[in-house]
Each structure stands twice: as C-alpha cells, then as structure tokens.
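Data block below; observations after.
The values are calculated or read from the model by the stated rules, or taken from the named source; none is laboratory data. Model, not experiment: these values are computed from the prediction. All Cβ positions, even for glycine, are placed from backbone atoms using ideal geometry, and neighbour counts span all protein chains on display.
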Amino acid sequence: MGYSERYCQICGVGFNIGRLRKADEPESAAWAGYGSDFCVNTDCSDPCKADGCSDIARQSSDTDDLEHIAGPGCTLASGYSGWRITVEEIENTLRCQCLAAKLEDWAPEPGDSDFEVEAKHCFLTGISSTSPDEFDVHGLVPVRHGIGETMIENTTQGD
C-alpha cells in the first residue's frame, strides 16, 4: 500500500506532521510524520548548513539515517522547525475531533452544543490524544453518543 494522509477539514493541514528539533533539545523533541521517530535522509545542503543546520547520526555506527538538526534559519520542508514551534504547541496539532453522521435514532445528550442539536446530519466526537493512524482515530475523549473511535475520510457532499 502506498502513502496516505488525512487532512484537517478546517485548515487543510495534514496530520502526518514532522518536527525538527533544535540542538539544545532532547531526542524526544523530534519526530517524523510517519514511520520514524525523527526526520531521516534530509540531505543537509551547504545553504542549509549556513543557516546553522546539521545532520547527525543518533547512533554513532549508523550514518545511513541521519537526523536533521534545525538551525535558526532552517527551511527544510520535511518537518516544522523547533525554532518556529515548540513541542507543546505542535502536540496540539496532532489531536483531532471529527464530525460524525447522526444515525436515525440519534438523540441529544447532556453537554451537546446547540449547533449539534440543531444540525440535521452531524455532531462532534470527542478529541483524540494522538493523530489519526491512517484512517482510524482511536481514544476519542470523552466518548460522545457511543463513539470512542471512528474511521475518517476526506470527502465532501457529492463525492
């Protein structure tokens, strides 16, 4: 199966978001959008190095998968620079909340917003603690209208 990604229906940003750490941050402050715990194979070019960037091996014997360390002027597109967004700020972008279709037997519950009660076709789920895994969203909190997990699709009416 090939690469797939889900996008926020409000802002259009993908959930496969990587972050490039600064040199003074711990390894846990870096991650790739998928498949690795840091952005690999970034090919730090001379202009990038001039901006204070570097590529390092996390394990001294592994020079095939180098981690990119962002400098103040980093413009690498494989992740957001730690100089521009903190770990705490980006963690909030990894959570999601979904619009779920109302089934025929849907009934309002305490805590529903007016727009959910009045909406003809949908309501809001709880919020996930992590980004979607491909199509599946797990751990929606609170569980609303019996929905604790769901499958998302980027479709619009008429697709």
(message) Would you confirm, using the coordinates I've provided, whether residue 147 is modelled with pLDDT of 85 or more, of a type in the set (Val, Ile, Thr) and either touching a strand residue (DSSP E or B) at 6+ places or on another chain (Cβ under 7 Å) or not assigned by TED's automatic domain parsing to the domain that holds residue 30 (or both)?
(response) yes
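For region 82-114, how many residues meet the condition of being small (Gly, Ala, Ser) and either closer than 14 Å to residue 30 by Cα or touching a Lys or Arg at 6+ places or on another chain (Cβ under 7 Å) (or both)?
Total satisfying the criteria: 1.
Per-residue answers, yes or no, for (1) over 30 Å from residue 142 (Cβ atoms); (2) of a type in the set (Lys, Arg):
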{"position": "74", "(1), (2)": "yes, no"}
{"position": "95", "(1), (2)": "no, yes"}
{"position": "98", "(1), (2)": "no, no"}
{"position": "103", "(1), (2)": "no, no"}
{"position": "106", "(1), (2)": "no, no"}
(request) Would you please name the residue that is surrounded by the most Cβ atoms within 10 Å (Cβ to Cβ), looking only at residues in region 22-34 that are modelled with pLDDT of 80 or more and within 16 Å of the chain's Cα centre (by Cα)? (result) 30
(request) Would you check which residues across region 102-118 are exposed (fewer than 10 other Cβ atoms within 10 Å of the Cβ) and small (Gly, Ala, Ser) and list them? (result) 107, 111
(request) Tell me which of these residue 138 doesn't satisfy, since it passes every other one: (1) under 25 Å from the mean Cα position of the chain (by Cα); (2) surrounded by 12 or more Cβ atoms within 10 Å (Cβ to Cβ); (3) without any contact (Cβ under 8 Å) to a residue 12 or more places away in the chain; (4) more than 18 Å from residue 8 (Cα to Cα). (result) (4)
